[in-house]
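Just so you know, all these numbers are worked out from the coordinates, no wet-lab data involved. Values in this document were obtained by computation on a predicted structure and should not be read as measured data. Note that each Cβ is placed from the backbone with ideal geometry, even for glycine, and that neighbours are counted across all protein chains shown.
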Amino acid sequence: MNDKAAHLRRLRRVEGQVRGLQRMVDDDKYCIDVLTQVSAAISALQSFSLVLLEEHMAHCVAEATRKGGAEADIKIKEAADAIARLVRS
C-alpha cells in the first residue's frame, strides 16, 4: 500500500459514519435522513475501493505483467474479478 495512513484515515471516517448511522437509528431519526447517510457511507467505501484497486493495478498487476507467465495471468484474473464484484455492488 502506498499510503497506509491515508487508507486508515479514510476507513476510520467510514467507521464514524456507520457509528453515526447507529446513533440515528437509536435516536429514531427520520428514515430518509438515515438513508441519505447510508448512501454517503456506501459512496465513501466505493471511493476507497477504487483507490485501492487503482494502487493494486499500478503496482502488483503491473509488476506481474512485466515478469509475465502464470503469475501475470493470476494477477489479471484477480483484478478482473475484483472489478466485477465492484460493478455488481
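Over the chain, what relative contact order in percent results from Cα pairs under 8 Å that are six or more residues apart?
The normalised contact order for the chain reaches 26 percent.
Where does helix 4-26 land angle-wise versus the long Cα axis of the chain, in degrees 0 to 90, nearest 10?
Tilt of helix 4-26: around 30 degrees.
In the neighborhood of Gln46, defined by Cβ-to-Cβ distances under 13 Å, what is the net charge if each Lys or Arg adds +1 and each Asp or Glu adds -1?
+2
Count the lysine pairs in the chain that are 8 or more places apart or on different chains: how many have C-alpha atoms under 26 angstrom apart?
Step by step, the pairs that qualify in the chain add up to 5.
So how tilted is helix 31-56 from the main axis of the chain? Cα-based, degrees 0 to 90, rounded to 10.
20 degrees
How much length, in nm to one decimal, is gained on full extension between Ala6 and His59, taken as 0.36 nm per residue of separation minus their Cα-Cα distance?
17.4 nm
With +1 assigned to the C-beta of every Lys and Arg and -1 to the C-beta of every Asp and Glu, and no other charges, what is the dipole magnitude of the range 14-85 about the Cα centre in debye, to the nearest 20?
It works out to roughly 160 debye.
What is the magnitude of the charge dipole of the range 1-54 about its Cα centre, with +1 placed on the Cβ of each Lys and Arg, -1 on the Cβ of each Asp and Glu, and no other charges, expressed in debye to the nearest 20?
Here the size comes out at about 240 debye.
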